[in-house]
Amino acid sequence: MTGPASTPPGPGGEQGRGVFDKELLDRCISCGFCLPACPTYDLTGQETSSPRGRITLMRALESGDLAPDDPTLAEESSFCLGCRACETVCPAGVEYGRLLEQWRDHQWQGAGRPLIARGLTALVSRPGVLGLQGLVRRHARGGAAPEEEPEHGPEREHGPEQEQERKQPVSLMLGCVERGLYPAVSRAARELRPELAVPAGQGCCGALHAHNGDSATGAALARALGERLSGTVVTTAGGCAAHLAHHLGRDRVRELSEYLDHAGHRPAGEVRAGDRRARVTLQDSCHLRNGLGVVRQPRELVAAVADYVELPGAGVCCGAAGTYAMLRPDDSRAVLDPKLDALAELDVDYVVTVNPGCLRQLRQGLRRRRSRVKAVHLAELLAMAARPGKPAEPAEGDGTGDPAEGWAAGR
Ligand code: SF4
Ligand code: SF4
């Protein structure tokens with residue numbers, strides 16, 4: 001996503017600094033409906049930590065009422081999770097996520113950009129690092145076919161829409177984080193749907209850049225990936241799905257649960273916990289839920305193979321929020337803690353995620369609490385159900401001292 005093309009007038013009609021699109025900034029009517037939905041406002045109770053407060057800060061930056069180096073601007077542009085929960089309750093259609101990208105493009109230029117964000121975006125842009133994907137891709141291919149066919153293979157519906165979908169090429173996107181830390185997720189996705197092709201030479205989708213002050217590179221990477229992957233792009237990362245859908249078009253991109261739902265996939269088997277059906281809950285991906293409106297699909301898929309229990313506050317951010325868990329570890333844990341409390345109260349066996357960043361955040365939090373609850377990706381849960389009697393694959397990337405500890409692309 002790129003910033004405004006020219007310097008627009010500020011909110012009062014005067015020339016502004018040109019940081020924001022005037023039309024986007026002017027949409028907010030300061031009603032405050034978004035305040036109760038905001039996790040950072042919930043933490044502090046301070047107006048400046050709310051969506052409305054941050055938009056007031058953006059307007060002050062744009063008009064020149066606040067100096068660009070004002071410390072509140074730096075603090076609040078970083079404290080915001082970018083979860084977009086505020087967008088879902090806004091009666092004026094404020095696209096807060098786009099405003100935040102424009103804000104960080106300005107605020108996080110040069111030395112203003114957190115060192116960790118700079119390092120990570122550079123890392124995923126390096127061909128050598130992403131070159132590892134070839135290795136992982138081969139690994140994914142090698143493990144794609146189930147060693148034993150499930151007793152009841154996935155049933156598929158054959159309505160006209162599904163038939164049309166089946167004729168299109170479908171590419172599985174290997175996310176930057178997932179390909180390195182959780183390759184079992186891609187393997188599980190291909191186990192469920194062998195028609196998913198894994199094209200070579202995939203780069204980063206650019207979500208990490210767009211959320212960390214470099215939306216121009218984020219847009220360019222998304223477009224390049226769109227050219228590399230043919231047909232429908234399927235991703236197991238909710239954050240990447242939202243970013244790609246914005247740049248490639250909503251019809252071209254499907255998050256895995258959406259794809260399975262659309263393809264009429266009927267999950268096989270069930271997940272057991274000892275001698276009973278497992279109790280399973282789900283944590284939403286913020287950008288998948290708030291950006292793309294995908295809520296029903298992953299729940300129905302879980303409910304098909306286990307006893308589904310709704311997690312109170314499932315739609316509230318878990319605190320992973322891309323690089324947030326690394327940039328602001330204390331705030332990230334403060335956001336996560338009520339969720340861990342809720343998980344303990346639910347007494348479930350598994351919590352399912354639809355994004356690698358959330359998977360990592362929950363695994364770390366549950367491990368810290370020595371919880372018996374296991375965090376798994378939806379693809380892993382469905383694959384586990386389809387191969388009864390076999391243990392789940394070991395959880396990659398959750399060892400202590402992992403150099404990639406805490407980092408995640410997308411949300
Ligand atoms: S962002 Fe939307 S909900 Fe929040 S104050 Fe502005 S108009 Fe109201
Ligand atoms: S994106 Fe999330 S944390 Fe940021 S203002 Fe909106 S609701 Fe609050």
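The values are calculated or read from the model by the stated rules, or taken from the named source; none is laboratory data. This structure is a prediction, so every number in the text was calculated from the model and none was measured. FYI the Cβ positions are ideal-geometry reconstructions off the backbone, even for glycines, and counts take in every protein chain you see.
Condition check: in contact with a helix residue (DSSP H, G or I) (Cβ under 7 Å, 6 or more places away or on another chain), surrounded by fewer than 24 Cβ atoms within 10 Å (Cβ to Cβ), modelled with pLDDT under 95 and within 21 Å of A242 (Cβ to Cβ). Does L292 satisfy that?
No, not satisfied.
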On the basis of being within 24 Å of S257 (Cβ to Cβ), at pLDDT below 95 and of a type outside the set (V, I, T), does G410 make the cut? yes
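Condition check ((1) within 14 Å of ligand 1 (Cβ to nearest atom); (2) surrounded by 17 or more Cβ atoms within 10 Å (Cβ to Cβ); (3) closer than 26 Å to D284 by Cα) across all residues:
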residue	(1), (2), (3)
L43	no, no, yes
L61	no, yes, no
G64	no, no, no
D70	no, no, no
C80	yes, yes, yes
A85	yes, yes, yes
P91	yes, no, yes
Going residue by residue through region 266-278, is there one that turns out to be more than 11 Å from the chain's Cα centre (by Cα), surrounded by fewer than 24 Cβ atoms within 10 Å (Cβ to Cβ) and part of a helix (DSSP H, G or I)? no
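State whether the residues of region 106-116 include one that is more than 16 Å from ligand 1 (Cβ to nearest atom), assigned to a loop (DSSP other than H, G, I, E, B), modelled with pLDDT under 95 and among the polar types (S, T, N, Q). Walk me through how you get there before you give the answer.
Step one: list which residues in region 106-116 are more than 16 Å from ligand 1 (Cβ to nearest atom), which gives 106-116.
Still in the list and also assigned to a loop (DSSP other than H, G, I, E, B): 108-109, 113-114.
Still in the list and also modelled with pLDDT under 95: 108-109, 113-114.
Filter once more, so that each one left must be among the polar types (S, T, N, Q): 109.
So far as region 106-116 goes, yes, one or more of its residues are more than 16 Å from ligand 1 (Cβ to nearest atom), assigned to a loop (DSSP other than H, G, I, E, B), modelled with pLDDT under 95 and among the polar types (S, T, N, Q).
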Could you tell me whether region 203-214 includes any residue that is of a type outside the set (A, V, I, L, M), surrounded by fewer than 24 Cβ atoms within 10 Å (Cβ to Cβ), modelled with pLDDT under 95 and part of a loop (DSSP other than H, G, I, E, B)? yes
Of (1) within 24 Å of the chain's Cα centre (by Cα); (2) in contact (Cβ under 8 Å) with a residue 60 or more places away in the chain, R54 satisfies every one except (2)
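Could we say that L248 is of a type outside the set (S, T, N, Q), over 17 Å from P169 (Cα atoms) and either within 16 Å of ligand 2 (Cβ to nearest atom) or touching a helix residue (DSSP H, G or I) at 6+ places or on another chain (Cβ under 6 Å) (or both) here? Steps first, answer last, please.
Numbers: of a type outside the set (S, T, N, Q): yes; over 17 Å from P169 (Cα atoms): no; either within 16 Å of ligand 2 (Cβ to nearest atom) or touching a helix residue (DSSP H, G or I) at 6+ places or on another chain (Cβ under 6 Å) (or both): yes.
In short, no.
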Filtered residues of region 33-54 (kept if part of a loop (DSSP other than H, G, I, E, B), within 20 Å of G313 (Cα to Cα) and more than 8 Å from ligand 2 (Cβ to nearest atom)): F33, G45
Among the residues of region 278-285, is any in contact with a Lys or Arg (Cβ under 8 Å, 6 or more places away or on another chain), over 24 Å from D105 (Cβ atoms) and hydroxyl-bearing (S, T, Y)? no
Among the residues of region 61-104, how many are in a helix (DSSP H, G or I), among the aliphatic types (A, V, I, L, M) and away from ligand 2 (no atom under 11 Å from the Cβ)? 3
